[in-house]
1. With point charges of +1 on the Cβ of Lys and Arg and -1 on the Cβ of Asp and Glu, referenced to the Cα centre of the chain, which listed residue (P65, P112, H4) lies farthest in the positive direction of the dipole?
2. Mind checking the alpha-carbon convex hull of the stretch 1-41 and giving the volume per residue in Å³?
3. Over the stretch 51-119, give the accessible area per residue in Å² for a 1.4 Å probe, as an integer.
4. Taking amide H positions as placed in the peptide plane 1.01 Å from N, state which residues far from V81 in sequence (5 or more) or on other chains have amide H under 5 Å from it.
5. For a quick check of your reading of the filter: which trypsin sites (Lys or Arg not before Pro) in the stretch 45-117 sit in a DSSP loop and have no more than 16 other Cβ atoms within 10 Å?
6. How high is the relative contact order of the chain, in percent, with contacts defined as C-alpha pairs under 8 Å that are six or more residues apart?
7. Would you kindly compute the Cα radius of gyration of the chain and its largest Cα-Cα separation (Dmax), both in Å?
8. Please state the charge dipole magnitude for the chain, taken about the Cα centre, from unit charges on C-beta atoms (+1 on K and R, -1 on D and E), reported in debye and rounded to the nearest 20.
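The values are calculated or read from the model by the stated rules, or taken from the named source; none is laboratory data. Only a predicted model underlies this, so the values are computations on that prediction, with no experimental measurement involved. So basically every Cβ, Gly included, is an ideal-geometry build from the backbone, and we count neighbours across all protein chains shown. Keep in mind that these areas ignore ligands, DNA and RNA; they rest on the heavy atoms of the full protein, side chains included. Shrake-Rupley method; radii C 1.70, N 1.55, O 1.52, S 1.80 Å.
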Amino acid sequence: YFQHKKFLSGKIKKWIILEQKGLVNLANSNLDYKPIYFVHDPKFIFKNKPTILLLSSVIHYLELPYEKLIELLNIETITYVIIDRTPFLNQPIDDKITVQFVKEKNYKASYPHWLFNEKIMLSFFEKKKLN
């Protein structure tokens, strides 16, 4: 919210942030700053009829990213999609899944992580626009 506030100030009345349940509980117990709402249930987003979908550092961690995008783009009120902090390949290879390792100084973990082919992703959105 704070990162994008200066660009979108006055244009957005409510920010609904979909996050993991534990993070939602933490945010809601420590932050009471309207117009920000933290939720863990995607149904809340569908009910509020958003016009802008901001995907910031999220789709590359999803098991089935294109399926989730299709689900989100079925919200008829969405007119803009902003993809931020997402790795794209500008090479002639398909999307690729890799493993992201967290440095041990923070905590030891690894996560599946997509690297998207830029042209494939753009083509996906072009096709969705025509449907």
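1. Selected residue: H4.
2. Taking only Cα atoms, the stretch 1-41 has a hull volume of 69 Å³ per residue.
3. 72
4. Here the answer is L53, since their amide H atoms fall under 5 Å of that of V81.
5. Passing sites in the stretch 45-117 are R85, K103, K105, K108.
6. This gives 18 percent for the chain.
7. Cα only, the chain: 16.3, 47 Å (Rg, Dmax).
8. 500
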